[in-house]
């Protein structure tokens, strides 16, 4: 009897179709963003000679310019210290990243969390924080 039950359970498991994991409750399955990173002379990986205060002011100024319609792509290419180019497609927790995509948790926490909370077309500033945004200030524009 025990053997029959195990065979039935095994057969039922084999009949199940492979299902994709559901998107995380904290955002969509996938987002595409552009990003400007502003660091300062003491930030990890930064080549900048700016002071902390100068970097903070620059980030806030760039945010205002972006919100007022300045060309984000141009500012990203001219001003960002992001070594990855600045445009990212990211998948949320529970999703599998395709080649060229990043995982939410593969980015710094402040950046990943903000990107998945934003609406398409929105521009936000993620401030420096030693734990969640250690490389500086992130100005993020959500594309998709």
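A short reminder: the numbers here are calculations on the coordinates, not readings from a lab. A quick note: this is a predicted structure, and the numbers were derived from the prediction, not measured. Neighbour counts run over all protein chains shown; Cβ positions are idealised from the backbone, glycine included.
At 0.36 nm per residue, and after removing the present C-alpha to C-alpha distance, how many nm does the segment from residue 57 to residue 32 gain when stretched out fully? Working shown, then result.
Numbers: separation 25, 0.36 × 25 = 9.00 nm, distance 2.62 nm.
This chain segment gains 6.4 nm when fully extended.
Can you tell me the relative contact order of the range 31-142? Whole percent, Cα pairs under 8 Å, sequence separation 6 or more. Mind dumping the intermediate values first?
Values: 198 pairs, mean separation 40.6, N = 112.
Contact order relative to length: 36 percent.
For residue 64 and residue 144, FRET efficiency with R0 = 22 Å and r from the beta-carbon atoms, rounded to 0.05? Walk me through the numbers before you get to the answer.
On the way: r = 24 Å, r/R0 = 1.09.
Given R0 = 22 Å and the Cβ-Cβ separation, E is 0.40.
The relative contact order of the range 101-144 comes to 37 percent, based on Cα pairs under 8 Å that sit 6 or more residues apart.
Which of the peptides 129-137, 116-124 is most tightly packed, and how do the rest follow, judged by the mean count of other Cβ atoms within 10 Å per residue? Provide the component values of the computation, followed by the final result.
Numbers: 129-137: 16.7, 116-124: 14.4.
Ranked from most to least packed, the peptides come out as 129-137, 116-124.
The length gained on full extension between residue 89 and residue 119, counted as 0.36 nm times the residue separation minus their Cα-Cα distance, comes to 9.3 nm.
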